[in-house]
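The values are calculated or read from the model by the stated rules, or taken from the named source; none is laboratory data. In this text, all values refer to a predicted model and were calculated from it rather than measured experimentally. Don't worry about glycine lacking a Cβ; one is built from the backbone with ideal geometry, like all the others, and counts go over all protein chains shown.
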């Protein structure tokens, strides 16, 4: 039975799990879950979202950064980020309950 994961919310501050090994391969990133010995492949967008998961950056900040950089529709950007965070949490790559401090995520890079 799969673990039940709460839905990410705009006010959350997701945090990367600590038991992971990362390797950039071209524009993608390989993430090895050292506890479960499972390898995950993240595309550039998922990797950017993953890199923002420092336990300090809110989902709202991620959305604002993406919207400002690419002039995206806020609703579409929010949905995409929340969907990606849900997938990352289901794969146990991030925790949706991060710290309470505020920080900013890296600037998105042009594809």
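So if I check each of 96, 72, which one is buried (at least 19 other Cβ atoms within 10 Å of the Cβ) and either over 13 Å from residue 45 (Cα atoms) or touching a strand residue (DSSP E or B) at 6+ places or on another chain (Cβ under 7 Å) (or both)? So the residue among 96, 72 that is buried (at least 19 other Cβ atoms within 10 Å of the Cβ) and either over 13 Å from residue 45 (Cα atoms) or touching a strand residue (DSSP E or B) at 6+ places or on another chain (Cβ under 7 Å) (or both) is 96. Filtering the stretch 62-102 to residues that are touching a helix residue (DSSP H, G or I) at 6+ places or on another chain (Cβ under 8 Å) and at pLDDT below 65 leaves only 102.
Of the strands (runs of 3 or more DSSP E) lying entirely inside the stretch 9-85, those containing at least 2 residues that are touching a residue at least 24 places away in the same chain (Cβ under 8 Å) and closer than 18 Å to residue 96 by Cβ span 28-33. Restricting the stretch 29-46 to residues that are touching a helix residue (DSSP H, G or I) at 6+ places or on another chain (Cβ under 9 Å) and either loosely packed, with under 11 Cβ neighbours inside 10 Å or at pLDDT 95 or above (or both) leaves a set whose member that is nearest to residue 91 (Cα to Cα) is 40.
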